[in-house]
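Let me begin by presenting the structure, written as structure tokens, before commenting on it.
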Amino acid sequence: QEDMRMFKLADLNTATINVFSWARLQPSEEIYDFEQMDRIVDMLTKQGYDIVMGTSTAALPAWLCHRYPEVTRTSLEGIKNRFGHRHNHCPNSPVFKHYASELVEKTVERYKDNENITVWHISNEYSGICFCDNCERAFRVWLKKKYKTLDKLNKAWNTDFWGHTFYSWEEIVVPDARGDAIGYDDSAFAGISIDYNRFNSDALLDNYIMERDIIKATLPDAVCTTNFMGKYKQLDYFKWAKELDIISWDSYPSYNTPISESSSNNALMRSLKQGQPFMLMEQTPSQQNWQPYNSLKKPGQMRAQSYQIIAHGADTIQYFQLRRSIGGCEKFHGALIDHVGNEHTRVFKEVAALGSELDKLGDTILGSRVKSQVAIVYDWDNYWALEYTSGPHKDLKYNSQIQKYYDVFYERNINVDFISVEDDMSQYDLVVAPVLYMVKEGHAERIESYVEYGGVFLTSFMSGIVDQSDNVHLGGYPGPLKDVLGIWVEEFDAIAPGMSNSVEMNSKAYTCDLICDIIHLRGAKSLAEYTSDFYTGTPVVTKNTYGKGEAFYVGSSLTPDFLDALLDETIERLEIESYGTTSHNLEVISRVNDKGQEIIFLINHESFDQTMSDLFVGETDVLTGNKISETELFKGFDVKIIVR
Ligand SMILES: [Zn+2]
């Protein structure tokens, strides 16, 4: 009852419940006890709250692990987990599936008539990987379905190498540390490890689908989701997104996460369902507990972060957690209601103020969409393949290359979508695909046709190298992208840490590092050349005219000022809408609603005052009703919203 009083004071309208309650709901195999949950549901319902109903299957009850040891996971090292932690279920355990299904059936049956339940939150933060015997058997079944014959599988994995040939399905073992894995991120056989990641992502997705289908069998119109975690490596979120009714995700930047990275995480989450507004399922109102340094969010910072998420497409903001627990590993994780237990805290007041402000904003923002002329290709298979591959450079990481290009657009306040390798490119003026290492069947043809009809495409070093099985496209790099790019890459050099190469574009000198491609022109034009090492004078950046469009190739990791110079010309020529380059971390993003109104969010992510962009002078900030003046300073962590 006290919580209900405080929720009202904080202007909350929704509560997520029942996320980790399995042990409470089912104290033993034979007994279910919904008494406490009934009371919570009743209280929230009587007070008119919307309820996001969890299914509680993300943390196993102790009795289940004690009685059926098979339900827990086996680690990469081959160690069989016992009871403990959360996210500890084997996705392929028939016993887990049986008891999880039964729990979801009972929960749906009990609350099916409650009209306050607006969303079903299935499990929680699906994650991790299991290498147990059940998974091994299921992996073989998955492989049989994919490859049909051992001959095809052996070809796909190129098992002639190191004499890995399989003569029966039973000989195939999971690629754990006792087999082909070299730690979590490397593998002796990338093809096998990539398939195992695909299999594990599918197995966890099957767990999600199992629960969702139980809910929908009784409630066909139920809105189902599970909370994602940004660029989380282990799960192919584009594939998962197809099975979710709405994307929801948990945003936990640390004290030093670049703002542009939070920006790209939100853009990616929005893009998983092609721009459909999403839910922020979790953020902390103040601090975290699980990072090395859990700094407080400074006054106003939580509000600024919340508006960043809304600006990128969220239609709801939720917090973890509502009341700080007294024990367990998250007792120092921030909460609306602190250990002191009253509403007289800074954090409570900030949450309440934001709640009331969002209430006043009304429906202007709800349902509106971010419109982008630029897309960046994001692909989990590429993420896995690039990082499993042995060589050429240990520091070559997928997300940092993606972020490097995202930053160019972030700095110019240009809206960016992410697209999968299957998504339509034709609605974008510019498509950027950094380190498109794995080019899967049909993708090169789609890129060619996009460029032929006038699209502008940009890719980088380590692109077009392998097919979907991680086998090299023969005939010269960048494989199937050679024609559209009009080049042949003969070799790629790895530049050791602390070293760099120099390049020149339009008589201006720049530096580059990480990888240096040695490129031959095959119809493309050179835009910049190396000025040192034995490949001095050879191209590092090229542009090819192909049909009505253009394809750029960037053969090295170039400094931001080089990328700026390269892309500025293209951005201008393509008339890509930008809100201009603003002061540092003063982010501008826009959404467009059904009435055609453009809602522009201006967010100062820094704690200090900054100069306002003169682009918005004279416009009205709908949050305060004040006109933006010419001399106005943008206060630290302040937010302004303009509706045009
Ligand atoms: Zn398993």
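Of the residues in segment 588-603, none is out of contact with any Asp or Glu (no Cβ under 6 Å at 6 or more places or on another chain), at pLDDT below 95, closer than 29 Å to Ile402 by Cβ and open to solvent by less than 40 Å² (accessible area, probe 1.4 Å). Within segment 138-158, the only residue that satisfies the criterion of being within 16 Å of the ligand (Cβ to nearest atom) and among the small types (Gly, Ala, Ser) is Ala138. Is it true that some residue in segment 65-77 is under 31 Å from the mean Cα position of the chain (by Cα), within 16 Å of the ligand (Cβ to nearest atom), in a strand (DSSP E or B) and in contact (Cβ under 8 Å) with a residue 12 or more places away in the chain? Yes, there is a match, as at least one residue in segment 65-77 is under 31 Å from the mean Cα position of the chain (by Cα), within 16 Å of the ligand (Cβ to nearest atom), in a strand (DSSP E or B) and in contact (Cβ under 8 Å) with a residue 12 or more places away in the chain.
Would you mind finding the one in Phe166, Phe139 that is in a helix (DSSP H, G or I), of a type outside the set (D, E, K, R) and either on the phi < 0 side of the Ramachandran plot or assigned by TED's automatic domain parsing to the domain that holds Ser93 (or both)? Full working, then the answer.
Working: Phe166 fails: in a helix (DSSP H, G or I).
Among Phe166, Phe139, only Phe139 is in a helix (DSSP H, G or I), of a type outside the set (D, E, K, R) and either on the phi < 0 side of the Ramachandran plot or assigned by TED's automatic domain parsing to the domain that holds Ser93 (or both).
When you look at Tyr184, is it at pLDDT below 95, more than 16 Å from the ligand (Cβ to nearest atom) and either surrounded by 19 or more Cβ atoms within 10 Å (Cβ to Cβ) or of a type in the set (Phe, Trp, Tyr) (or both), yes or no? Let's see the steps before the verdict.
Numbers: at pLDDT below 95: yes; more than 16 Å from the ligand (Cβ to nearest atom): yes; either surrounded by 19 or more Cβ atoms within 10 Å (Cβ to Cβ) or of a type in the set (Phe, Trp, Tyr) (or both): yes.
Considered against the rule, which asks whether it is at pLDDT below 95, more than 16 Å from the ligand (Cβ to nearest atom) and either surrounded by 19 or more Cβ atoms within 10 Å (Cβ to Cβ) or of a type in the set (Phe, Trp, Tyr) (or both), Tyr184 comes out as yes.
Screening Thr165 with (1) open to solvent by less than 30 Å² (accessible area, probe 1.4 Å); (2) away from the ligand (no atom under 15 Å from the Cβ) gives one miss only, at (1).
Based on this model, can you work out whether Ile246 counts as part of a helix (DSSP H, G or I), touching a residue at least 12 places away in the same chain (Cβ under 8 Å) and either within 26 Å of Met53 (Cβ to Cβ) or not assigned by TED's automatic domain parsing to the domain that holds Thr57 (or both)? Judged against the criteria, Ile246 is not a match. When you look at Ile326, is it free of Cβ contacts under 8 Å to residues at least 40 places away in the same chain and either open to solvent by 40 Å² or more (accessible area, probe 1.4 Å) or under 22 Å from the mean Cα position of the chain (by Cα) (or both), yes or no? So Ile326 passes the test. Applying the set (1) open to solvent by less than 40 Å² (accessible area, probe 1.4 Å); (2) out of contact with any Gly (no Cβ under 6 Å at 6 or more places or on another chain); (3) part of a helix (DSSP H, G or I) to Leu436 leaves exactly one unmet item: (3). The test for being open to solvent by less than 10 Å² (accessible area, probe 1.4 Å) and either modelled with pLDDT under 95 or under 21 Å from Asn197 (Cβ atoms) (or both) holds for Thr72.
Results for (1) more than 16 Å from the ligand (Cβ to nearest atom); (2) polar (S, T, N, Q); (3) out of contact with any helix residue (DSSP H, G or I) (no Cβ under 6 Å at 6 or more places or on another chain), shown as yes or no for each residue.
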position: Phe83; (1), (2), (3): no, no, no
position: Val95; (1), (2), (3): no, no, no
position: His98; (1), (2), (3): no, no, yes
position: Val104; (1), (2), (3): yes, no, no
position: Asp113; (1), (2), (3): yes, no, yes
position: Asn124; (1), (2), (3): yes, yes, yes
position: Asp133; (1), (2), (3): no, no, yes
position: Glu136; (1), (2), (3): no, no, yes
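Looking at segment 170-202 only, could you name the residues that are of a type outside the set (Gly, Ala, Ser) and in contact with a Gly (Cβ under 7 Å, 6 or more places away or on another chain)? Show your work before the answer.
Filtering segment 170-202 for residues of a type outside the set (Gly, Ala, Ser) gives 170-176, 178, 180, 182, 184-186, 189, 192, 194-200, 202.
Val173, Asp176, Arg178 - these are the residues of segment 170-202 that are of a type outside the set (Gly, Ala, Ser) and in contact with a Gly (Cβ under 7 Å, 6 or more places away or on another chain).
The values are calculated or read from the model by the stated rules, or taken from the named source; none is laboratory data. Since the structure is predicted, the reported quantities are computational estimates derived from the model, not experimental observations. Please note: Cβ atoms are built from the backbone with ideal geometry, for glycine as well, and neighbour counts cover all protein chains shown. Calculation scope for accessible area: heavy atoms of the full protein, side chains included, ligands and nucleic acids excluded. Shrake-Rupley method; radii C 1.70, N 1.55, O 1.52, S 1.80 Å.
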